[in-house]
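Take a look at the structure set out below.
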């Protein structure tokens, strides 16, 4: 989705928010930066697009547009699933967005064991990148990222699904055999993160948010300060993931929408 098309979607989202009587209540933010223009959805745009367009189109017409897909665990409860939306950057960049209203990484709900494992669902949705590239993409080329609360521009929780930068892939590959199943410091492109490996072909048995919270009470109580990144890996022992977190550069900076690492070109 190019920038022009994205802005049209945002404008329609605001109109839809006014016309859909069953729409969810408006999510305000103390630092929303919204203008006085009622047609500007600002930091609430993702929630409006998913709830007032994608979910409505899906439940009424089985068409997820403008999302790529909509999954509802219970069709009777529209707040029980997630949508996959092309990011406004276009190219291979997609977002997983819950259909329920939810804040970002600081949300206590993300530590609820009964909540869906959104990272696992985002990993399953990586076929959207294959569709963009036009051929199979190695797991080691794909990353999932949640920005910290200070860096994001949208206040509805979302996970970025994209290719990793080539230099990030190279850095993680070099460090792979030195990272174990407990947290340890790692340097990626000159920035410090905490890292641990997850040895599994999927993320179904692992909650990245809970693993980050296990760094200690200080981290658990200030999750909004932390970015969370999951990178697909191929260890000597088999398929897995590298989990990164830290309070430095936000995770989205490790991603590359051009997907050059997968041979998509710029």
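Checking each residue in the stretch 169-189 for being farther than 15 Å from residue 245 by Cβ and in contact with a helix residue (DSSP H, G or I) (Cβ under 7 Å, 6 or more places away or on another chain) picks out 169, 189. Among residues that are modelled with pLDDT under 95, assigned to a loop (DSSP other than H, G, I, E, B) and either on the phi < 0 side of the Ramachandran plot or within 19 Å of the chain's Cα centre (by Cα) (or both), residue 33 is not included. Of the numbered criteria (1) touching a helix residue (DSSP H, G or I) at 6+ places or on another chain (Cβ under 7 Å); (2) part of a strand (DSSP E or B); (3) surrounded by fewer than 21 Cβ atoms within 10 Å (Cβ to Cβ), the one residue 71 fails is (1).
In the stretch 114-146, the qualifying residues are those that are in a loop (DSSP other than H, G, I, E, B) and in contact with a helix residue (DSSP H, G or I) (Cβ under 9 Å, 6 or more places away or on another chain), and the one that is nearest to residue 232 (Cα to Cα) is 138.
Looking at 243, 215 in this structure, which one is in contact with a strand residue (DSSP E or B) (Cβ under 8 Å, 6 or more places away or on another chain) and crowded, with 20+ Cβ neighbours inside 10 Å?
Working: 215 fails: crowded, with 20+ Cβ neighbours inside 10 Å.
None of the others qualify; the one that does is 243.
Note on the stretch 147-161: residues that are in a loop (DSSP other than H, G, I, E, B) and more than 12 Å from residue 107 (Cα to Cα) amount to 6.
Residue-wise test of (1) in the same structural domain as residue 56 (by TED's automatic domain parsing); (2) within 16 Å of residue 129 (Cβ to Cβ); (3) at pLDDT 95 or above; (4) in contact with a strand residue (DSSP E or B) (Cβ under 8 Å, 6 or more places away or on another chain).
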| position | (1), (2), (3), (4) |
| --- | --- |
| 77 | yes, no, no, no |
| 96 | no, yes, yes, yes |
| 109 | no, no, no, no |
| 112 | no, no, no, no |
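Can you name the residue in the stretch 101-113 that is part of a loop (DSSP other than H, G, I, E, B) and touching a residue at least 24 places away in the same chain (Cβ under 8 Å) and, of all such residues, is surrounded by the most Cβ atoms within 10 Å (Cβ to Cβ)? Full working, then the answer.
Here is the first cut: in the stretch 101-113, the residues part of a loop (DSSP other than H, G, I, E, B) are 101-107, 112-113.
Then drop every residue that is not touching a residue at least 24 places away in the same chain (Cβ under 8 Å), which leaves 101-107, 113.
Working: 101: 17, 102: 19, 103: 16, 104: 19, 105: 23, 106: 15, 107: 17, 113: 7.
Here the residue is 105.
Residues in the stretch 195-214 that are over 18 Å from the mean Cα position of the chain (by Cα), in contact (Cβ under 8 Å) with a residue 40 or more places away in the chain and within 16 Å of residue 144 (Cα to Cα): 5 in all.
Restricting attention to the stretch 185-212, the residues that are touching a strand residue (DSSP E or B) at 6+ places or on another chain (Cβ under 9 Å) and farther than 27 Å from residue 131 by Cα total 14.
May I ask you to say which residue of 182, 227 is in the same structural domain as residue 157 (by TED's automatic domain parsing), modelled with pLDDT of 95 or more, touching a strand residue (DSSP E or B) at 6+ places or on another chain (Cβ under 7 Å) and within 22 Å of residue 124 (Cα to Cα)?
On the way: 182 fails: within 22 Å of residue 124 (Cα to Cα).
Among 182, 227, only 227 is in the same structural domain as residue 157 (by TED's automatic domain parsing), modelled with pLDDT of 95 or more, touching a strand residue (DSSP E or B) at 6+ places or on another chain (Cβ under 7 Å) and within 22 Å of residue 124 (Cα to Cα).
The values are calculated or read from the model by the stated rules, or taken from the named source; none is laboratory data. Model, not experiment: these values are computed from the prediction. Methodologically, a virtual Cβ is constructed for each residue, glycine included, from the backbone with ideal geometry; neighbour enumeration extends over all protein chains shown.
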